[in-house]
Amino acid sequence: MTFQAYIDNIREKTGKTPEQLKAHAEQAGVYQPDMKAGELVAWLKAEHDLGHGHAMAIWAYFKGKGWVDQPKPKAKK
C-alpha cells in the first residue's frame, strides 16, 4: 500500500484530512510541536479509531510538513 493510499483510507474512515486532524488535535490540546509520536498515535487510536499503521502514517505526514520537531541527534561520547 502506498503512503497516499494510507492517507486516502484515513480520510475515508475519519472524514478528515491530515490538516483537519491537526486542527482537531490542537483543539483537543493534544498537539504540540515538540510532542512525541506515541502521544499522537495514542490519541488518534482513541479518538478516531485508527490502527497503529494508519496513526503512524499521520505522524509521518506531520513530520513531513514540519509540524513536529525532528529528534535531536544524540551526542557522541
Completion exercise
Residues of region 64-76 being closer than 11 Å to P18 by Cβ and not small (G, A, S), in sequence order, are K65, W67
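Which residue is modelled with the lowest pLDDT, if the candidates are limited to region 1-38 and must be aliphatic (A, V, I, L, M) and more than 13 Å from Y61 (Cα to Cα)?
The first filter runs over region 1-38 and keeps only residues aliphatic (A, V, I, L, M), leaving 1, 5, 7, 10, 21, 23, 25, 28, 30, 35, 37.
Cutting the leftovers down to more than 13 Å from Y61 (Cα to Cα) gives us 1, 23, 25, 28, 30, 35.
On the way: M1: 77, A23: 97, A25: 97, A28: 96, V30: 95, M35: 94.
Looking at residues that are aliphatic (A, V, I, L, M) and more than 13 Å from Y61 (Cα to Cα), I get M1.
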Exercise for the section: State which residue pairs qualify: first residue among the small types (G, A, S) and inside region 48-77, second residue at pLDDT below 95 and in a helix (DSSP H, G or I) in any location, beta carbons under 8 Å apart, and separation of 6 or more residues or different chains. Expected result: G53/Y6; A57/F3; A57/Y6; A60/F3
Fill in the blank from the handout: Residue pairs within 6 Å by beta carbon, gap of at least six or interchain, first lying in region 1-26 and at negative phi and surrounded by 12 or more Cβ atoms within 10 Å (Cβ to Cβ), second part of a helix (DSSP H, G or I) and among the small types (G, A, S), listed first then second, are Y6/A57
Exercise for the section: Give V68, V41 a once-over and let me know the one that is of a type in the set (A, V, I, L, M, F, W, C) and either touching a Ser or Thr at 6+ places or on another chain (Cβ under 7 Å) or in a loop (DSSP other than H, G, I, E, B) (or both). Expected result: V68
Problem - Qualifying position, being assigned to a helix (DSSP H, G or I), touching a Leu at 6+ places or on another chain (Cβ under 7 Å) and of a type outside the set (S, T, N, Q), among A5, A55, A60 - result: A55
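The values are calculated or read from the model by the stated rules, or taken from the named source; none is laboratory data. Being a predicted model, the structure only gives us computed values, none of them experimental. Cβ coordinates were reconstructed from backbone atoms using ideal geometry, including for glycine residues, and neighbour counts include every protein chain displayed.
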